[in-house]
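K.L.:
First the structure, which I've put down as structure tokens, then a few questions once you've had a look.
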Amino acid sequence: MTRVDLAIIGAGPAGMAAAALAARQGLRVTLLDEQPRAGGQIYRDVDRAAALRGDLLGPDYTHGATLTAALKHSGVDHVSGAVVWAIEEGFALSYTKDGRGAQVMADRVLLATGAIERPMPLPGWTLPGVMTAGAGQILLKQSGVLARRAVLVGTGPLLYLTAAQMLRAGTPPLALVETATRSDLLGAMRHLGGALRGWRYLLKGLGLLAELKRGGVKRHVGATGLAIEGLARAEALSFSAGGKSHRIACDTVYLHHGVVPNVQAARSLGIAHDWNAAQACFLPRLDIWGQSDVPGIYVAGDSAGIGGAKVAEEAGRLAALHVAQAAGRITQTELDRQAAPLRATLARERAVRPFLDRAYPPCPEALAPADATLICRCEEVTAGDIRNYASLGCVGPNQAKAFGRAGMGPCQGRYCGLTVTALLAEANGQTPDATGYYRVRAPLKPVTLGELAQMDQTAQDAAE
Amino acid sequence: MNNASPFLETETASRVTVTFAGAPLDLPLGANLAAALLTAGVGAFRQTPVSGAPRGPFCMMGACFDCLVEIDGVARQACMTEVTAGLQIDRPHEGDHDAG
């Protein structure tokens with residue numbers, strides 16, 4: 001069986017930057033990634049798509065090609081299409097690729113598992129035709145596929161970017177329906193302070209809004225009473241805004257109100273997590289190098305807390321440097337010397353977060369959904385069910401599983417975990433930290449008996 | 001191009017024939033299966049085992065499992081699968097939900 005100095009899960013900006021730097025320091029690196037090509041979601045398929053539609057997707061996207069290029073180093077074994085389903089002591093990482101199980105042993109592990117969209121449970125959000133804005137981005141980046149009649153709903157700069165790209169591609173959205181209000185934006189302005197980076201973000205956002213206005217994209221702000229209508233698929237979005245009721249017929253609804261760390265791998269290792277009120281999610285507890293309270297396990301990029309692609313890149317490098325020092329490849333002095341400019345960039349890039357968090361708060365009615373709204377997509381459990389469990393004495397998400405199977409379907413709580421925590425915390429008058437989160441166990445992704453059988457064969461072959 | 005589909009395709013690639021729920025479809029070779037099915041006009045990929053409600057792709061990144069289909073008898077995430085010639089794709093759990 002292969003043993004490497006560093007195993008990295010996820011070939012997004014954090015994982016790619018970390019792999020390249022660690023290899024340059026002489027470390028043997030295995031980079032495991034679920035997708036067929038490197039990039040993560042932000043730079044999804046960049047090597048192929050940059051040439052086809054780089055103009056449409058913009059320079060922030062094509063920048064990813066510098067990271068994929070740096071992966072071509074003899075010290076990096078990039079295993080694409082690898083689905084990691086267990087990380088065990090020592091560390092042994094089990095994964096499947098092409099229907100076969102395999103394992104890699106690593107002295108240290110970097111989790112660079114990125115973000116998922118913040119769950120946005122609204123009436124009708126499970127209908128075919130309702131997707132996340134991130135899914136819309138992936139359809140465009142990887143496949144060049146655009147929704148012909150879409151409504152964009154929620155909050156955050158990603159909605160502006162998505163709308164602008166759709167406009168440039170000749171399929172403008174029917175409407176941009178924002179849940180944030182003008183006072184959210186005004187209140188956020190004081191968080192900009194002297195951070196030049198923050199002002200650049202603001203100007204970029206305003207530039208996109210101006211482009212949308214010129215393109216005739218209808219925009220609503222402060223929308224409430226959101227519901228997606230339809231029987232077999234999404235047919236319309238209804239909401240109130242500006243003192244009026246609206247109903248927009250559409251085929252596709254793209255939802256977005258921020259992204260949250262993908263914590264499945266970190267949780268499965270028992271890493272301590274703390275509630276972060278500003279980001280309204282749990283974050284793994286890490287030291288200044290990104291190392292967790294499980295020695296040898298590091299977390300970087302959006303899976304460590306939402307900071308965006310540039311933060312992910314530098315945080316990945318920082319973790320890789322510390323691994324190089326821990327493995328005896330560089331001295332403490334060299335570590336500090338090389339870390340200094342990375343930390344400076346990180347501080348600059350992170351300066352904009354308080355502004356973004358304040359300007360684009362999550363949609364209140366999706367954080368505390370109405371009783372009838374499904375919150376667990378897999379097992380079809382409603383918000384009212386969870387509140388009812390609380391009235392029967394349910395205090396935490398793991399108990400909720402026993403009450404009604406929330407979080408026990410194939411997504412393993414990825415798209416209901418935060419909602420269940422929030423609902424139970426609210427109903428019981430407890431903090432999210434006291435309420436806790438689902439206990440996540442391997443397998444992190446479903447694995448078949450056939451794949452396991454194949455793995456035994458691989459392990460035997462290796463032993464012989 | 002499928003004009004009845006809610007999705008517009010901008011790339012051209014050579015096509016291969018697959019079947020979805022028994023019906024033949026010509027999809028781009030090597031494409032993301034979920035994207036290709038959406039573009040071909042498939043909305044509901046499966047019904048939930050709990051109530052039989054229709055579901056289609058939601059996250060496109062392997063996290064939500066709403067795009068589960070059955071290929072050669074194995075449940076697979078369509079968004080994590082590439083189109084190859086001759087795929088026989090079915091809706092999983094067809095007809096075996098509780099309906100209650």
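The values are calculated or read from the model by the stated rules, or taken from the named source; none is laboratory data. Just so we're clear, the structure is a prediction, and the values are computed from it rather than from any experiment. Backbone-built Cβ (ideal geometry, glycine too); neighbour counts: all protein chains shown.
K.L.:
Restrict the check to segment A:253-263 and report whether at least one residue is touching a Phe, Trp or Tyr at 6+ places or on another chain (Cβ under 8 Å), within 30 Å of A:Ala106 (Cβ to Cβ), within 14 Å of another protein chain (Cβ to nearest Cβ) and not polar (S, T, N, Q).
P.N.:
Yes, some residue in segment A:253-263 is touching a Phe, Trp or Tyr at 6+ places or on another chain (Cβ under 8 Å), within 30 Å of A:Ala106 (Cβ to Cβ), within 14 Å of another protein chain (Cβ to nearest Cβ) and not polar (S, T, N, Q).
K.L.:
Looking at segment A:218-228, is at least one residue of a type in the set (A, V, I, L, M), within 30 Å of A:Gly296 (Cα to Cα), surrounded by 24 or more Cβ atoms within 10 Å (Cβ to Cβ) and more than 14 Å from chain B (Cβ to nearest Cβ)? Working first, answer last.
P.N.:
Of all residues in segment A:218-228, those of a type in the set (A, V, I, L, M) come to A:221, A:223, A:226-228.
From what's left, within 30 Å of A:Gly296 (Cα to Cα): none.
No, segment A:218-228 contains no residue that is of a type in the set (A, V, I, L, M), within 30 Å of A:Gly296 (Cα to Cα), surrounded by 24 or more Cβ atoms within 10 Å (Cβ to Cβ) and more than 14 Å from chain B (Cβ to nearest Cβ).
K.L.:
Within segment B:28-67, restricting attention to residues that are among the polar types (S, T, N, Q) and within 7 Å of chain A (Cβ to nearest Cβ), which residue is surrounded by the most Cβ atoms within 10 Å (Cβ to Cβ)?
P.N.:
B:Asn32
K.L.:
Can you give me the ranges of the helices (runs of 4 or more DSSP H) entirely in segment A:1-72 with at least 3 residues that are surrounded by fewer than 24 Cβ atoms within 10 Å (Cβ to Cβ) and either of a type in the set (Val, Ile, Thr) or touching a Ser or Thr at 6+ places or on another chain (Cβ under 7 Å) (or both)?
P.N.:
Numbers: elements: A:13-24, A:46-57, A:59-62, A:64-70.
Answer list for segment A:1-72: A:46-57.
K.L.:
Can you spot a residue in segment A:75-82 that is within 14 Å of chain B (Cβ to nearest Cβ), surrounded by 19 or more Cβ atoms within 10 Å (Cβ to Cβ), touching a Lys or Arg at 6+ places or on another chain (Cβ under 6 Å) and farther than 19 Å from A:Ala312 by Cβ?
P.N.:
Yes, because at least one residue in segment A:75-82 is within 14 Å of chain B (Cβ to nearest Cβ), surrounded by 19 or more Cβ atoms within 10 Å (Cβ to Cβ), touching a Lys or Arg at 6+ places or on another chain (Cβ under 6 Å) and farther than 19 Å from A:Ala312 by Cβ.
K.L.:
Another one. Considering segment B:62-100 alone, what residues qualify as being at pLDDT 95 or above and small (Gly, Ala, Ser)?
P.N.:
Across segment B:62-100, the qualifying residues are B:Gly62, B:Ala63, B:Ala78, B:Ala85, B:Gly86.
K.L.:
Output the number of the condition that A:Gly290 fails; it satisfies all remaining conditions of (1) crowded, with 17+ Cβ neighbours inside 10 Å; (2) at positive phi; (3) touching a Ser or Thr at 6+ places or on another chain (Cβ under 9 Å).
P.N.:
Checking A:Gly290 against (1) crowded, with 17+ Cβ neighbours inside 10 Å; (2) at positive phi; (3) touching a Ser or Thr at 6+ places or on another chain (Cβ under 9 Å), the one that fails is (3).
K.L.:
Of the conditions (1) in contact with a Lys or Arg (Cβ under 9 Å, 6 or more places away or on another chain); (2) buried (at least 24 other Cβ atoms within 10 Å of the Cβ); (3) under 28 Å from A:Gly413 (Cα atoms), A:Ala133 clears all except one; give me its number.
P.N.:
(1)
K.L.:
Separate question: If we only count helices (runs of 4 or more DSSP H) wholly inside segment A:369-430, which ones have 2 or more residues that are β-branched (Val, Ile, Thr) and surrounded by 21 or more Cβ atoms within 10 Å (Cβ to Cβ)?
P.N.:
A:417-428
K.L.:
For residues that are assigned to a loop (DSSP other than H, G, I, E, B) and among the β-branched types (Val, Ile, Thr), scanning just segment A:125-162, find the one that is nearest to the other protein chains (Cβ to nearest Cβ).
P.N.:
Filtering segment A:125-162 for residues that are assigned to a loop (DSSP other than H, G, I, E, B) and among the β-branched types (Val, Ile, Thr), the one nearest to the other protein chains (Cβ to nearest Cβ) comes out as A:Thr126.
K.L.:
Given the conditions (1) within 11 Å of chain B (Cβ to nearest Cβ); (2) of a type outside the set (Lys, Arg); (3) part of a strand (DSSP E or B); (4) closer than 20 Å to A:Asp302 by Cα, and given that A:Ile87 satisfies all but one, which numbered condition is not satisfied?
P.N.:
Every condition holds for A:Ile87 apart from (1).
K.L.:
A further question follows. Counting only residues that are more than 7 Å from every other protein chain (Cβ to nearest Cβ) and within 25 Å of A:Pro172 (Cβ to Cβ), which one in segment B:1-27 is modelled with the lowest pLDDT? So that I can check it myself, show each step before the final result.
P.N.:
Looking only at segment B:1-27, we keep the residues that are more than 7 Å from every other protein chain (Cβ to nearest Cβ), and these are B:1-5, B:12-27.
Those still in the list that are within 25 Å of A:Pro172 (Cβ to Cβ) too: B:1-5, B:12.
On the way: B:Met1: 42, B:Asn2: 49, B:Asn3: 54, B:Ala4: 78, B:Ser5: 93, B:Thr12: 88.
Ranking the qualifying residues of segment B:1-27, first place goes to B:Met1.
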